[in-house]
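Undergrad: Submitted below is the structure of interest, expressed as structure tokens.
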Amino acid sequence: MAMAKMLLLVAMALVSSCSAWELNIQMPTKRLQAMDETVAPLIHALRPLLGSGGELGSRGGVACDSWVLGVEAHNVRDWKTVPTNCEGYVGHYMLGSHFRRDSKIVIDEALAYVETLKLAGNGKEIWVFDIDETTLSNLPYYAKHGFGTTLFNATSFNAYVLEGSAPVLPETKRLYNKLLKIGVKPLFLTGRTEDQRDITVANLRSQGIYGWKDLLLKQPGFKGSAVAYKSGERQKLQDAGYVIVGNIGDQWSDIIGAPEGARTFKLPDPMYYIG
Ligand SMILES: *[C@@H]1O[C@H](CO)[C@@H](O)[C@H](O)[C@H]1NC(C)=O
Ligand SMILES: [Mg+2]
């Protein structure tokens, strides 16, 4: 009993001390309770930190840590929702320190790559940034919608986007600011649509993001895949004489399809898939 109490305290401390990387995410109490009841709360909160195996994850269905790895490696594709039994796993991953740690590895590698660049400094060198789950985080929305376990709802998601309240991803901001400093121009290439330009600009600015070279949004009537859209836009940039020294996104569709950019970086995103 005393042991259980102690574990509970440790788990609570872990969850609250690194809670959503300074985000103030309001989860409906009922959903939090449901998460904790169905997904073995105490050990589950500790699992991502201790790296302790998959038995709990597989009890209710899919082994969630293996599923996330499959997603990140692009072996698992075209999925519509996070497996129902992984809501707790993905929730703890995103809200705790694990997501932040994984993102830090990506950005540290990107910064190490930046250090090796021999820049021409001719104003033509750009770095392509995706927006959602790369520069801005929609975690406040997903925390209220099952962390991707429910089907994407364009109506409610777009209403959230129009609030313009998405927090910046702190690791990405580090890279963004470094590039500005050394004269590589950040450029946004997003699946957000042209009608969301004003709110997107306002949201970025409210999060301290300034000085981008361009913000490319999807034009009305575009029907192709995300890969076709994004690679097509990168081709146009290249044709206009820009050199894409780097490209970062949370989806594989951000970083595949020629021209990809001289180097690509993939941030973690176990909440949704865009093909
Ligand atoms: C999508 O969200 C809207 C707005 O919250 C809601 O009215 C609608 O019922 C939702 N649709 C589905 C299929 O859940
Ligand atoms: Mg994205």
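What follows draws every value from the coordinates through simple rules; no lab data is involved. Everything quoted here is computed from the prediction, not taken from an experiment. All Cβ positions, even for glycine, are placed from backbone atoms using ideal geometry, and neighbour counts span all protein chains on display.
Undergrad: Within a 10 angstrom radius of the beta carbon, how do Thr149, Thr172 rank from fewest other beta carbons to most? Please report the intermediate quantities before stating the final value.
TA: Working: Thr149 18, Thr172 27.
So the ranking, lowest neighbour count to highest, is Thr149, Thr172.
Undergrad: How far is the Cα center of segment 181-237 from the Cα center of segment 146-178, in Å?
TA: With segment 181-237 and segment 146-178 each reduced to a Cα centre, they are spaced 14 Å.
Undergrad: Here's a follow-up. Amide H of Glu133: which non-local residues (sequence gap of 5 or more, or other chain) have their own amide H closer than 5 Å, using H built in the peptide plane?
TA: Hits under the 5 Å cutoff: Asn138.
Undergrad: Now for a separate question. Tell me, what is the Rg over Rh of segment 192-249, with Rh the Kirkwood radius over Cα pairs?
TA: Answer for segment 192-249: 0.98.
Undergrad: Rank the residues Ile105, Ile274, Ile209, Ile248 as a footprinting-exposure proxy: fewest other Cβ atoms within 10 Å of their Cβ go first.
TA: Numbers: Ile105 12, Ile274 19, Ile209 22, Ile248 25.
By the 10 Å Cβ count, ascending: Ile105, Ile274, Ile209, Ile248.
Undergrad: Within 10 Å, Cβ to Cβ, of Ala166, how many net charges do the neighbouring residues add up to if Lys/Arg are +1 and Asp/Glu are -1?
TA: For residues surrounding Ala166, the net value is -3.
Undergrad: Which of the trypsin sites (Lys or Arg not before Pro) across segment 83-182 are loop residues per DSSP, with 11 or fewer other Cβ within 10 Å?
TA: Passing both the DSSP loop test and the Cβ count: Lys118.
Undergrad: Taking amide H positions as placed in the peptide plane 1.01 Å from N, state which residues far from Asp214 in sequence (5 or more) or on other chains have amide H under 5 Å from it.
TA: Excluding prolines and chain starts, which carry no amide H, the hits are Phe188.
Undergrad: Using +1 at the C-beta of Lys and Arg and -1 at the C-beta of Asp and Glu, which of Gly246, Ala202, Phe99 has the Cα lying farthest in the positive direction of the dipole of segment 99-266?
TA: Of the listed residues, the answer is Gly246.
Undergrad: What shape does segment 99-266 take by its C-alpha gyration tensor, where a ≥ b ≥ c are the square roots of the eigenvalues and a/c under 1.5 counts as rounded, a/b above b/c as prolate, and the rest as oblate?
TA: Here segment 99-266 falls in the prolate category.
Undergrad: Can I ask one more? Quick query: amide H of Thr193 versus all other amide H atoms, modeled in the peptide plane; which residues come in under 5 Å with a sequence gap of 5 or more or a different chain?
TA: Lys218
Undergrad: Can you sort Asp214, Asp239, Asp254, Asp132 by how many other beta carbons sit within 10 Å, fewest first?
TA: Going from sparsest to densest Cβ surroundings: Asp239, Asp214, Asp132, Asp254.
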